[in-house]
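Student: Right, I'll just put the structure down here and ask away after.
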Amino acid sequence: MSMQRRGWQFWAQLCFTLSVCAFLIVPVVLSALAGVTANFFIGLESGLTLRWIGEVWDLYAETMFLSLWIALACLGVTLLLGVPAAYVLAKQGGRFARLIEETLVLPIAVPGLAIALALILSYGEFRDFRASWGFILVGHVLYTLPFMVRAVLAVLASMDFNTLEEGAATLGAGFVYRLRTVVLPNARPGILAGSLMVVTLSIGEFNLTWMLHTPVTKTLPVGLADSYASMRLEVASAYTLVFFVMIVPLLLAMQWLSRSEKRLPRNHRPTLDTEHE
Amino acid sequence: MSESTAVHIRQCAKTFADGTRALAPVDLEIAGGETVVLLGPSGCGKTTLLRIIAGLETADAGGQVLFNAQDVTALPVEKRNVGMVFQSYALFPNMSVRENIAYGLRVRKHTRSQRAQRVAEMLSMMHINELADRAVSQLSGGQRQRVALARAIAVRPRVLLLDEPLTALDALLRERLRIEIDSLLRSLGITAIYVTHDQAEAMALADRIVVMSQGRIAQQGTPRDVYQNPQNPFVADFIGTVNRLRGTLTEHGVHAQGTLLPLGKGLTVSATKEVDLLFRPEDMRIVPAEEAQFIGTVSSAFYLGDRTRLLLAGIGDAPVMVEVSAREPIARGTEVGVSIDPQGLMMMPGTPS
Amino acid sequence: MSHTPFLRLMPMLIPAGITFIAFFLLPMVKLAVVGATGDAGLAAYASILTTPRHWESLIATLILSISVTAVALMISTLAGLFLVRNLFPGREVLVAMLTFPLAFPGVVIGFLVILLGGRQGLVGEISQALTGDKVVFAYSMTGLFIGYLYFSIPRVILTIMAAAEKLDPALEEAARSLGASTWRVLVDVILPALKPGLIASGAICFATSMGAFGTAFTLATQIDVLPMTIYTEFTLNANIAGAATLSIVLGLVTWLALFVARSLSGATVAASG
Ligand SMILES: Nc1ncnc2c1ncn2[C@@H]1O[C@H](COP(=O)(O)OP(=O)(O)O)[C@@H](O)[C@H]1O
Ligand SMILES: [Mg+2]
């Protein structure tokens, strides 16, 4: 818009935005550096090393695998539960569907700590369940399911899939065939966005997991909290670095996805369809 | 209202940051109180020129915009005192109709009673009294456009700029608002620059039409002038419908498809050359075969109610369009003879086929 | 077609429904009941007002969350508007970096705050070099404030940018053609258009700050914000009923914030993190 006139305001705002960016990025860089520095207190002069990463691997490799495993299981469950639910809600519409949607997304309005307490109080006495990774999975599914439902619902709501489905039906396609050939392919961007979100959130979930975990079911963020409390700074940093490496591809994929959606024709201005007075 | 403002545009070109050359250097003089319509196909640079006049876009270095004697080139839009009507209406959704219309007055720090009075004036001028306290979202397209117009003229702008104000409306409403805008512009005596791609709209509203093509002015003149004497094939094609035949110009007349057409009044020709003959459907008549200049076969007939439009094959490379009275039906495949009114014959340098 | 009977669609809703009821609704009811069945009975819900420790922690958490929300909204509006309205080389990278910490969990953010303002933190090093005084803020409310700001800014910037991109540029041009200054355009056109986004993201910011646990947990156990109080009651004091009542109150506050925001802005609003 204002490409030509770049007064002091432009530069002032740019500086401001750059400082905000620095605030967000500098600690990440610090942490990454600390994870590969031989001695953080001496600084980079002490040399770079992969020793801390190795130590993290020895100590915490299991937490990483458990986190990945739970994230994938969580993805599977939310796909199975969330996509059909979103379809029904989009199809049904109206007050009742709104109400169900509102209720389904409650778990993100309520702090994880409260949900975790409720789960422990209700199912804590089932010892085997309580001690298994399944207990953590339940928490993660509750917390991530709304994101899956929302993402799919948003795409379905924006594409008038009812008309598409009607079109397919007039051509003789039955319910399952329509679902497979028309609804699901068109809902794919939403399913993809929801999936990325679910995996990312599950890998990073701490509020619930800290309460739900047991010494044998430690996830990555639980391990991180553990290392922050008890390990030397370099190890904690190296562990954080490993976490970044796991999560950054997911974040990049999400940004790429939302940008490629934006590239689709967009209604920048109000729709200019003709109308009668 | 103070006396009207003349607009002078001198060598205004526009190259966008991405390298798009939207406007070649353009000169345009607009007299005070005149209604000028910028007409051309989508993407020809009409909006860009309008936005340069408004101050929403800066012309490339060397371009100048003057309001009367005042050079406003460096003046930002908020200081130019122009009224602008946008295709998307651009009404402020957080304000009522009344607040929208009063906005420019509020910015200019008019008193409350001045504002109320002017708004009332505008509401009744645009026949929207009953909408005053509606939210913008509760208005239909036509009502929105009326509010947008009222808002733009409420500040008594020096120049009124309208960018395809009717394009978003349906045909019937477009016609009605066009008539209203026409009488509004005449009663205000304001200098108005109106952008459209609709030639019928341009013909109806304009004191002067400026036909644009690919960032240049292709021709300007009164609607009659532009329609009857197009100076190049683009203008002829864009305004109204034309038929086109290739021919050879000699001292005797024009030879086309084996027929010699006489030249209009006192034209002399020094050398033989290839030409394109252009003529409009209404300048052709159906005549008995023995008087006909051309014989064609009806390939399609469109009954339009008041007349019938025929497409004739076998005369030129492309079908020739003729309009005839709708009395008796003419079947497809009928052979008909036509002749062209010499007054309606236009000639352009030949285009290679 | 569009009238597929609901009963025929219903089975597709059942798996999600059962999971939800069994693992969310019933446990939440149980939580509320447990809260009321401690020594104090239903009066336990009043304990948040009668126990100074609980009351103070609620107030502290509210003040913290409100100030984080206000500051995050201001910072993000400035930066987000700037990014949407200006094209310059490197803009894309800047946007990516600003939204990048979006999914960092609270524990990690706590650690990043320690790296900034902890005993060996960057700010301390710099301040020591400059003034001889070592500034350490990580293990206090200030540290928590910085940490919450850290995870709020990316979310709010994203919402603001989305809203600002939808803004019809003709609106701003119309205002300017009517003589409005940059400031007036901001107040009369841009901020009203951003309002739903500001309310929505503000509510998310507030609710997330109210319920966040990981950051405080990493920074120090003696910061008395509500989630830490709940955690202490549950694990150290074995005060299960107290922890349950506080959790219910906390859940109601965050849900209410989101609910009010949704009714005000008409948009869908949800906390996360
Ligand atoms: N902001 C811009 N950046 C780059 N190119 C532009 C911009 N605005 C318009 N153009 C281009 O300039 C040309 C003229 O556009 P415009 O004046 O809007 O045409 P019209 O109003 O006649 O349809 C078009 O090719 C258009 O794509
Ligand atoms: Mg245009």
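The values are calculated or read from the model by the stated rules, or taken from the named source; none is laboratory data. All values reported here derive from a predicted model rather than from experimental measurement. Heads up, the Cβs are rebuilt from the backbone with ideal geometry, glycines too, and the neighbour counts pull from every protein chain shown.
Student: Looking at the range B:167-181, is at least one residue within 16 Å of ligand 2 (Cβ to nearest atom) and in contact with a strand residue (DSSP E or B) (Cβ under 9 Å, 6 or more places away or on another chain)?
Tutor: yes
Student: Against the conditions (1) modelled with pLDDT under 95; (2) crowded, with 16+ Cβ neighbours inside 10 Å; (3) under 20 Å from the mean Cα position of the chain (by Cα); (4) not acidic (Asp, Glu), where does B:Thr5 fall short? Just the number, please.
Tutor: If we test B:Thr5 against (1) modelled with pLDDT under 95; (2) crowded, with 16+ Cβ neighbours inside 10 Å; (3) under 20 Å from the mean Cα position of the chain (by Cα); (4) not acidic (Asp, Glu), just (3) comes out false.
Student: For the range B:195-209, which residues satisfy the criterion of being more than 14 Å from ligand 2 (Cβ to nearest atom) and assigned to a strand (DSSP E or B)?
Tutor: Answer for the range B:195-209, where residues must be more than 14 Å from ligand 2 (Cβ to nearest atom) and assigned to a strand (DSSP E or B): B:Arg208, B:Ile209.
Student: Restricting attention to the range A:39-53, does a residue exist that is surrounded by 14 or more Cβ atoms within 10 Å (Cβ to Cβ) and within 11 Å of chain C (Cβ to nearest Cβ)?
Tutor: Scanning the range A:39-53 turns up at least one residue that is surrounded by 14 or more Cβ atoms within 10 Å (Cβ to Cβ) and within 11 Å of chain C (Cβ to nearest Cβ).
Per-residue answers, yes or no, for (1) in contact (Cβ under 8 Å) with a residue 24 or more places away in the chain; (2) crowded, with 23+ Cβ neighbours inside 10 Å; (3) more than 14 Å from every other protein chain (Cβ to nearest Cβ):
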{"site": "B:Phe16", "(1), (2), (3)": "no, no, no"}
{"site": "B:Gly33", "(1), (2), (3)": "yes, no, yes"}
{"site": "B:Gly63", "(1), (2), (3)": "yes, no, no"}
{"site": "B:Thr73", "(1), (2), (3)": "no, no, no"}
{"site": "B:Val82", "(1), (2), (3)": "yes, yes, no"}
{"site": "B:Asn94", "(1), (2), (3)": "no, no, no"}
{"site": "B:Gly104", "(1), (2), (3)": "yes, yes, no"}
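Matching residues to (1) touching a Lys or Arg at 6+ places or on another chain (Cβ under 9 Å); (2) part of a helix (DSSP H, G or I); (3) outside the structural domain of C:Ile240 (by TED's automatic domain parsing):
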| residue | (1), (2), (3) |
| --- | --- |
| C:Met28 | no, yes, yes |
| C:Leu31 | no, yes, yes |
| C:Trp55 | no, yes, no |
| C:Ile59 | no, yes, no |
| C:Ala72 | yes, yes, no |
| C:Leu78 | no, yes, no |
| C:Thr99 | yes, yes, no |
| C:Leu102 | yes, yes, no |
| C:Val107 | no, yes, no |
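Student: Name the pairs: first residue in the range C:63-75 and in contact (Cβ under 8 Å) with a residue 60 or more places away in the chain, second residue crowded, with 21+ Cβ neighbours inside 10 Å and aromatic (Phe, Trp, Tyr), Cβ to Cβ under 6 Å, at least 6 apart or on different chains?
Tutor: C:Ser65/C:Phe206; C:Val68/C:Tyr148; C:Thr69/C:Phe206
Student: For residues that are over 17 Å from B:Ala168 (Cβ atoms), part of a helix (DSSP H, G or I) and in contact (Cβ under 8 Å) with a residue 24 or more places away in the chain, tally how many sit in the range B:129-144.
Tutor: 1
Student: Condition first: farther than 13 Å from B:Arg178 by Cα and within 16 Å of ligand 2 (Cβ to nearest atom). Now tell me which residues in the range B:149-165 satisfy that.
Tutor: Here is the first cut: in the range B:149-165, the residues farther than 13 Å from B:Arg178 by Cα are B:150-161, B:163.
Residues satisfying the conditions are B:Leu161, B:Asp163.
Student: Restricting to the range B:145-184, and then to whatever is touching a residue at least 40 places away in the same chain (Cβ under 8 Å), of a type outside the set (A, V, I, L, M, F, W, C) and buried (at least 21 other Cβ atoms within 10 Å of the Cβ), can you tell me which residue is farthest from C:Ala170 (Cα to Cα)?
Tutor: Ranking the candidates gives B:Arg158 first.
Student: B:Ala69 versus (1) in contact (Cβ under 8 Å) with a residue 40 or more places away in the chain; (2) farther than 25 Å from B:Ala218 by Cβ; (3) more than 14 Å from ligand 1 (Cβ to nearest atom): which is the lone unmet condition?
Tutor: Failed condition: (1).
Student: Considering only residues that are within 9 Å of ligand 2 (Cβ to nearest atom) and over 12 Å from B:Gly215 (Cβ atoms), look in the range B:35-50 and name the one that is surrounded by the fewest Cβ atoms within 10 Å (Cβ to Cβ). Steps first, answer last, please.
Tutor: Start the filter on the range B:35-50 by keeping residues that are within 9 Å of ligand 2 (Cβ to nearest atom), which leaves B:42-48, B:50.
Next cut, over 12 Å from B:Gly215 (Cβ atoms) only: B:42, B:50.
Working: B:Ser42: 8, B:Leu50: 21.
Among those that are within 9 Å of ligand 2 (Cβ to nearest atom) and over 12 Å from B:Gly215 (Cβ atoms), it is B:Ser42.
Student: Let me ask something else about it. Got a sec? Which helices (runs of 4 or more DSSP H) wholly within the range C:184-272 have at least 3 residues that are in contact with a Pro (Cβ under 7 Å, 6 or more places away or on another chain)?
Tutor: It comes to C:240-265.
Student: Tell me which residues, restricted to the range A:132-151, are touching a residue at least 40 places away in the same chain (Cβ under 8 Å) and more than 8 Å from chain C (Cβ to nearest Cβ).
Tutor: A:Ser132, A:Trp133, A:Phe135, A:Ile136, A:Leu137, A:Gly139, A:His140, A:Tyr143, A:Thr144, A:Met148, A:Ala151, listed by residue number.
Student: I need the full set of residues from the range B:211-221 which are within 12 Å of ligand 1 (Cβ to nearest atom) and either under 12 Å from B:Leu49 (Cβ atoms) or buried (at least 21 other Cβ atoms within 10 Å of the Cβ) (or both), in order please.
Tutor: B:Val211, B:Met212, B:Gly215, B:Arg216
Student: Taking only the range B:18-34 into account, find how many residues are within 19 Å of the chain's Cα centre (by Cα) and away from ligand 2 (no atom under 16 Å from the Cβ). Walk me through how you get there before you give the answer.
Tutor: Start the filter on the range B:18-34 by keeping residues that are within 19 Å of the chain's Cα centre (by Cα), which leaves B:22-23, B:26-31, B:33-34.
Filter once more, keeping what is away from ligand 2 (no atom under 16 Å from the Cβ): B:27-31, B:33-34.
Number satisfying all stated conditions: 7.
Student: Those residues that are within 13 Å of ligand 1 (Cβ to nearest atom) and surrounded by 19 or more Cβ atoms within 10 Å (Cβ to Cβ), I need them from the range B:20-31; list them, please.
Tutor: Scanning the range B:20-31 gives B:Ala22, B:Leu23, B:Val26.
Student: In the list C:Ala243, C:Ala238, which residue meets the criterion of being more than 18 Å from the chain's Cα centre (by Cα) and either within 7 Å of chain A (Cβ to nearest Cβ) or surrounded by 20 or more Cβ atoms within 10 Å (Cβ to Cβ) (or both)?
Tutor: None of the other options fit; the residue is C:Ala243.
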